[in-house]
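Okay, structure first, notes after.
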Amino acid sequence: MGQTFLFFDDFLLTEYRQVVRRFSRPEPVEGGIFPEGDWLITVEYVPEEGIYRMWHRRWLQLPGPSPRPDARAYPVMAVAESDDGIHWRPAELPPETDRLTGRFPSVCFSGVTFCDEFHVYRDHTDPEFPYKTAYVDKDEGGEVRMWLAFSRDGLRWETERTPWLAAARWSDTQNHLIYNPVTERYQITCRKSFVDRRVFLTESPDLKHWTRPRLVLHPDPGDVPCLEFYGLPVFYYEGLFIGFLLVYRPDPGERAKPAYRGQTVTELVYSYDGLQWNRTRHIFLPRRHPGELGAGQVFGSHLLTDPRTGRLYIYAYATLREHGVPGPSGVLVYGLRKDGFVYLESVGTGYICTKPLLVNGERLSLNISAPHGWVSLQVSDVEGEPYPGYGFEDFGRWRGDATALEPKWEGRGLERLVGKTVRLELLLSEARLYAIRGDLLPFHGADPLAGYG
């Protein structure tokens, strides 16, 4: 089984010289603005229909007061469609999809009274009900609570009227439900109670019995004063958990509690097990220039690997004005190179050496960019002696840009080294290394372990 290694930290490395770690920022995609979209975004490619589908919140203006106590409109789950994942249009769903679809054709789920603070999750471990969501709705007594709903197609939903979170009020953020393959449990990143702007996590083996939410991310002394965390969408990417930490900076002059005015950006965080999180303190999605959508807030909401191109798309809810100030908003689409979150870049001629790796197959590839420079690769034993035929001189110098470069040493791959313990050594000039993939088991300790262990 192939492993992917990214370079958020030095976990895979033994040594490097004249190399720096740099975090990327995705670029807005031309034409990637969906003004009708709101927060709580999920996107997937539907190969059976040849389209991309987006779930997002939509606010409806209906007679009478809003069923959500702190809002003036009626929140529901709506659907948009796209042919390329960039240009979007509201869906036209069959009238029987939901009780409100006949009047509002893009609405797919409105709950019993309303549907808010949701995240649609595609669960590949469940063939019967692959689509799941954790959302906000009222109970029979009129109290707002957290619920689960299930769907066979992502459009027609069946509710489970057993609250998953017992709290004084509710978790008013994007309640991000995923299945964690490391713990073999479902988990939701949430708030413990209404407007508690920190990141909590609750787990369940069966979607019925949930642990008490525990705190996993809290602002620390290294942050600017009075910072708050609005939420944490989580994505399992190539054996690693990637998180979009929504960092909210309230107006320090506002005396109302909780603070309602402020700015939001998205910080990149990561985890090896989905439970213990590491902050990069890198603003992945900053606020945009005044007058542009995103000048007030940018909430990273969904990460999609385009199955047709391998490119990464990030979908963000963006506002023109600050939090709590009425104004235009919508969904922005950002693009990023495959594995492009972070890279190691040479300064002059750089050198990288990995930890010992057990070769358990022939596959090896590099995601690397050196259009004007070069890279060379050597395979050595644990002591640093190159294996015969696998030295720098056998590889030569490669120039170009590839997300899956398969190294060859005078036409040879790793087939002669299967079963051996090796180190990969790289020389780089004017080059960026994004990822290493292959049939490799790293020795983080005394024994080789799959992935990050």
Considering only residues that are under 15 Å from Trp88 (Cβ atoms) and part of a loop (DSSP other than H, G, I, E, B), which ones fall in the stretch 288-339? Leu293, Asp306
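Which residue out of Glu362, Glu383, Glu406 is surrounded by fewer than 18 Cβ atoms within 10 Å (Cβ to Cβ), more than 30 Å from Tyr260 (Cβ to Cβ), acidic (Asp, Glu) and free of Cβ contacts under 8 Å to residues at least 24 places away in the same chain?
Values: Glu362 fails: free of Cβ contacts under 8 Å to residues at least 24 places away in the same chain; Glu406 fails: free of Cβ contacts under 8 Å to residues at least 24 places away in the same chain.
Within the list Glu362, Glu383, Glu406, the selection yields Glu383.
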Which one of Leu93, Leu12 is surrounded by 14 or more Cβ atoms within 10 Å (Cβ to Cβ) and in contact with a Cys (Cβ under 9 Å, 6 or more places away or on another chain)? Leu93
Cβ pairs under 7 Å, 6+ apart or interchain, first in the stretch 318-342 and without any contact (Cβ under 8 Å) to a residue 12 or more places away in the chain, second part of a loop (DSSP other than H, G, I, E, B), ordered by first then second residue, are none
Just checking, does the stretch 394-401 include any residue being more than 25 Å from Val342 (Cα to Cα) and surrounded by 15 or more Cβ atoms within 10 Å (Cβ to Cβ)? yes
Restricting to the stretch 409-429, give me the number of residues that are free of Cβ contacts under 8 Å to residues at least 40 places away in the same chain and either on the phi > 0 side of the Ramachandran plot or crowded, with 18+ Cβ neighbours inside 10 Å (or both). 3
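Somewhere in the stretch 309-330, is a residue within 25 Å of Tyr236 (Cα to Cα) and modelled with pLDDT under 95? Lay out the reasoning, then the answer.
Quick first cut of the stretch 309-330, residues within 25 Å of Tyr236 (Cα to Cα) only: 309-318.
Imposing the further condition that a residue be modelled with pLDDT under 95 reduces the set to 309-310.
Yes, there is a match, as at least one residue in the stretch 309-330 is within 25 Å of Tyr236 (Cα to Cα) and modelled with pLDDT under 95.
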Does any residue of the stretch 406-416 turn out to be within 31 Å of the chain's Cα centre (by Cα) and either closer than 20 Å to Leu12 by Cβ or among the small types (Gly, Ala, Ser) (or both)? yes
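A quick yes/no check of all residues on (1) basic (Lys, Arg); (2) assigned to a loop (DSSP other than H, G, I, E, B); (3) at pLDDT 95 or above:
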| residue | (1), (2), (3) |
| --- | --- |
| Asp9 | no, yes, yes |
| Glu15 | no, no, yes |
| Glu49 | no, yes, no |
| Tyr52 | no, no, yes |
Restricting attention to the stretch 81-140, and to residues there that are within 14 Å of Pro67 (Cβ to Cβ) and β-branched (Val, Ile, Thr), which single residue is nearest to the chain's Cα centre (by Cα)? Val136
Selected residue [surrounded by fewer than 20 Cβ atoms within 10 Å (Cβ to Cβ), of a type in the set (Gly, Ala, Ser) and in contact with a Lys or Arg (Cβ under 6 Å, 6 or more places away or on another chain)] from Gly310, Gly262, Gly294: Gly310
Given (1) more than 30 Å from Gly340 (Cβ to Cβ); (2) part of a loop (DSSP other than H, G, I, E, B), where does Ile86 come up short, assuming only one miss? (1)
Hey, can you tell me all the residues within the stretch 31-43 that are surrounded by fewer than 18 Cβ atoms within 10 Å (Cβ to Cβ) and either outside the structural domain of Met77 (by TED's automatic domain parsing) or more than 13 Å from Val333 (Cα to Cα) (or both)? Glu36
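The values are calculated or read from the model by the stated rules, or taken from the named source; none is laboratory data. Remember, predicted model here, so these are calculated numbers, not experimental data. Cβ: placed from backbone, ideal geometry, glycine included. Neighbour counts: every protein chain shown.
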